[in-house]
Amino acid sequence: MSANVSANQAFDNQLEEQQQVRKPRDGADILVQALHEQGVDIIFGYPGGAVLQIYDAIYRNPIRHILTRHEQGAIHAAEGYARVTNKPGVVIATSGPGATNLVTGIADAMIDSIPLVIFTGQVATSVIGTDAFQEADIMGITTPITKHNYQVQDVADIPRIVKEAFHIANTGRKGPVVIDFPKNVSQTLFQEDIKTPDDIYLPGYQPTTKPNYLQIQKAIQALTLAKKPLVLVGAGVLFADAREELTEFIEKYKLPVVSTLLGLGSIHGKHEQFFGMAGMHGYATANDAITKSDLLINIGARFDDRLTGNLATFAPNATIVHIDIDPAEIGKNVPTDIPIVADAKEALKALLKKDFVGPDTSNWLDFLNDSREKYPLWYEEAGEEILPQQAIEIIHKLTNGDAIVTTDVGQHQMWAAQYYHLNNDHGWVTSGGLGTMGFGFPAAIGAQFARPDKKVISIVGDAGFQMTNQELALLKEFNLPVKVIILNNSCLGMVRQWQETFYEERYSQSLMPIQPDFVKLADAYGVKGYKIEKLSEAEAIFAEAILSDEPVVIDCRVKQLVSVYPMVAPGKGLHEMIGVEKP
């Protein structure tokens, strides 16, 4: 009898083991397994009906998930994470309004080349196209603002699609990829073992990373003949992790360097051969260098309008060398003499590999150094009233340029770019091409999750902060030591400046006299708040807040009628800056 019981028990145990081995999994389980295989360590998201199966799978197969308080907060946090780690940020949102709330962030990532993989829930395939509850055509909506998008139709395709999406997002010119997940696909049971393919086969997507040898030779020849060469660096240098090669290149041949807004951090902010940011609110010397150069080597920048000003007068005497991994950018805005389609790091390695005698740039560098001394940034002190430039100078002094700095868009963004001199790469997180208000604070949250060892400072305006300030909840929940610094001028600063300059001071809907008490707002979320109203108290309060190990919000009241200078007015050339010299 006992022998039969033992035999039955053994059979039952064996059957249970077989059932466990063969236990069917659903599409959501396959997705989470694929995310684990891609090394995903954090997801930013917000659940809803169409993604409940996915969230249940995450619960059972844990990946760290950060529940933001709005989908826009999730995608901007993922952008911040991606910007400082140089690997894809991952986002999940439900169908309909959850997905459409991501659209601004997707467009932002696309234009600034930020790698993201975004999973959106979708209604069941049987009701797609019927205006079902919380249905939105996210494939149609995101096609113009993504590198690629997928809608999963078969559970068996999930591992391949996920692997391809991460590959597409983080290679070539980086960018966002959307994967739309119908609810029934996430619920579909699948008994067989679905394996991720070993290789990625995308015949139509083969980014060129290695430079053409003959084009490198042409660039070298142009450099040897130049008398006023200039290197312009963009975010492509950072995405290629090419700061070391760039520094070696410009030091070896004594080349001056200027940067785009998104290229800041490509070279040490205090390097003697770095002459600052160029463009609409760039340094006068940087813009003058572009105008007077006879050879302009663009590495990883796309010649956007805020950099070039009037194209008819941009670098009029220069031979243009354009190094870019995206061939569509070469010649798009500025005619290019020597195009080099390549990864910035590989192109710089190829240039360094060739041993040649560079140009004598001593007179050119002397001229630029004299110009830098003659035309520094300036502001007029206002007694105890705090100027935004002074605030950022204090922040730079306290952090020695070694913090990760995030911003929204507008005046505070330009002042941060001008007065905060970055020591590190991947330390500047801002919305460049799209110019997204509300970006800076959630991006700081993503950056802090990515780099818990770094000081993260979010410099924002009082208007933009109010678009995403609900994410203060995360600072308390995770004790994230992000320092939120609000340069509070009670207005839409850049809008007001343009109205002052170009619309005869008709301040139409740009002044905001009624503002919340940001200290009380921070306190409501359990975060410590500070208010700074006088210059004499600024440094002490900034020091206490910034040097602490806790999250803080600083309401820094700054003078309202202050403009960002120098400035290239719309339609003008870089040589026509206003506000270059102090009145």
Over the heavy atoms of Thr260, what accessible area does a 1.4 Å probe trace out, to the nearest 10 Å²? 20
Given segment 473-583, what percent of its DSSP beta bridges are antiparallel, to the nearest 5? 15
Any chance you could run the full-extension gain for Asn479 through Asn86? It's 0.36 nm times the residue separation minus the Cα-Cα distance, nm to one decimal. 139.1 nm
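Contact order normalised by length for the chain, with contacts defined as Cα pairs under 8 Å and 6 or more residues apart; what percent is it? Intermediate values should be presented prior to the final figure.
Working: 1255 pairs, mean separation 78.7, N = 583.
Relative contact order comes out at 14 percent.
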Counting only the heavy atoms of the protein chains, how much of Asp523 is accessible to a 1.4 Å probe, in Å² to the nearest 10? 110
Expressed as a whole percentage, what fraction of the accessible surface of the chain belongs to carbon and sulfur atoms when a 1.4 Å probe is rolled over the protein heavy atoms? 50
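Suppose every K and R has +1 on its Cβ and every D and E has -1 on its Cβ; what is the size of the dipole of the chain about the Cα centre, in Debye to the nearest 20? Can you show the working numbers first?
Numbers: 49 positive and 70 negative charges, 151 e Å.
So the magnitude is around 720 debye.
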Classify segment 59-144 from the C-alpha gyration tensor, please: rounded if a/c falls under 1.5, else prolate or oblate depending on whether a/b exceeds b/c. oblate
Sort Leu472, Leu225 by heavy-atom solvent-accessible area, probe 1.4 angstrom, most to least. Leu225, Leu472
Could you compute how much accessible surface Tyr525 exposes when probed at 1.4 Å, giving the result in Å² to the nearest 10? 70
When the chain is fully extended, how far beyond the present Cα-Cα distance does Ile63 get from Asn317, taking 0.36 nm per residue of separation? 86.0 nm
From a point 7 Å beyond the Cα of Asn423 in the direction of its Cβ, which residues of segment 246-272 have a backbone N at a distance under 16 Å? 265-272
Computed from these coordinates, which is Cα extents along the principal axes in Å: (i) 104, 65, 44; (ii) 102, 62, 48; (iii) 84, 58, 49? (ii)
Which of rounded, prolate, oblate describes segment 237-374, given a ≥ b ≥ c as roots of the alpha-carbon gyration tensor eigenvalues and a/c under 1.5 marking rounded, otherwise prolate only if a/b is larger than b/c? rounded
Using the Cα centre of the chain as origin and beta-carbon charges of +1 (Lys, Arg) and -1 (Asp, Glu), tell me which of Ala524, Ala74, Gln215 is placed farthest towards the positive end of the dipole. Gln215
Using Cα positions and a limit of under 23 Å, work out the lysines in reach of Lys559, with same-chain residues fewer than 8 apart set aside. Lys397, Lys483, Lys520, Lys531, Lys534, Lys582
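Placing +1 at every Lys and Arg Cβ and -1 at every Asp and Glu Cβ, with all other atoms neutral, what dipole size does segment 218-279 have around its Cα centre, in debye to the nearest 20? Spell out each step's value before the answer.
Values: 7 positive and 6 negative charges, 69 e Å.
In debye, rounded to 20, segment 218-279 gives about 340.
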With the dipole of the chain defined by +1 on each Lys or Arg Cβ and -1 on each Asp or Glu Cβ, the option from Ser266, Ile514, Ser95 whose Cα lies farthest towards the positive pole is Ser266
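When only the heavy atoms of the protein chains count and the probe is 1.4 Å, how do Glu550, Glu71, Glu135, Glu373 rank by accessible area, highest first?
Working: Glu550 70, Glu71 20, Glu135 50, Glu373 145 Å².
My answer, sorted largest first, is Glu373, Glu550, Glu135, Glu71.
May I ask you to compute the full-extension gain from Asp198 to Glu533, defined as 0.36 nm times their residue separation minus their alpha-carbon distance, rounded to one decimal in nm? Write down the numbers at each step before the final one.
Details: separation 335, 0.36 × 335 = 120.60 nm, distance 5.99 nm.
Stretched fully, the Asp198-Glu533 segment lengthens by 114.6 nm.
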Roughly how many whole Å is it from the C-alpha centroid of segment 339-356 to that of segment 228-283? 15
Taking the Cα centre of segment 447-578 as the origin, how large is its charge dipole in debye, to the nearest 20, when only Lys and Arg (+1) and Asp and Glu (-1) carry charge on their Cβ atoms? 140
Which order do Trp364, Trp378, Trp498 take when ranked by solvent-accessible area (1.4 Å probe, heavy atoms of all protein chains), largest first? Trp498, Trp378, Trp364
Between rounded, prolate and oblate, where does segment 47-105 land on the alpha carbon gyration tensor, with a ≥ b ≥ c its root eigenvalues, rounded for a/c under 1.5, else prolate if a/b exceeds b/c? oblate
Low-density loop positions, chymotrypsin sites (Phe, Trp or Tyr not before Pro), segment 163-238 - DSSP coil, at most 14 other Cβ in 10 Å: Tyr201, Tyr205
Exposed-loop-free span, longest in the chain, where trypsin sites (Lys or Arg not before Pro) count as exposed if DSSP calls them loop and at most 12 other C-beta atoms lie within 10 Å: 355-505
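Given the DSSP H assignment, sum -39500 (n - 2.57) over each helix run of at least 4 residues in the chain and divide by its residue total; what's the result at 222 nm in deg cm²/dmol, nearest 500? Show your work: numbers first, answer last.
Numbers: 24 runs with 231 residues, N = 583.
It lands at -11500 deg cm²/dmol.
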Set Lys292/Lys353; Lys254/Lys332; Lys228/Lys349; Lys227/Lys572; Lys228/Lys270, cut-off 24 Å on Cα-Cα distance; pairs above it are Lys292/Lys353; Lys254/Lys332; Lys227/Lys572
List the lysines whose alpha-carbon lies under 16 Å from that of Lys163, not counting same-chain residues fewer than 8 positions away? Lys87, Lys147, Lys174, Lys195
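Over the chain, give the accessible area per residue in Å² for a 1.4 Å probe, as an integer. Display every interim value, and only then the final one.
Values: 24210 Å² over 583 residues.
Roughly 42 Å² per residue, with all protein chains present.
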Of all DSSP beta bridges in the chain, antiparallel share, percent nearest 5: 5
Compute the FRET efficiency between Ala132 and Ser548 as 1/(1 + (r/R0)^6), taking r as their Cβ-Cβ distance and R0 = 45 Å, and round to the nearest 0.05. 0.35
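The values are calculated or read from the model by the stated rules, or taken from the named source; none is laboratory data. Because the structure is predicted, anything quoted here is derived from the model rather than measured. All Cβ positions, even for glycine, are placed from backbone atoms using ideal geometry, and neighbour counts span all protein chains on display. In case anyone asks, the SASA skips ligands and DNA or RNA and just uses the protein heavy atoms, side chains included. Shrake-Rupley method; radii C 1.70, N 1.55, O 1.52, S 1.80 Å.
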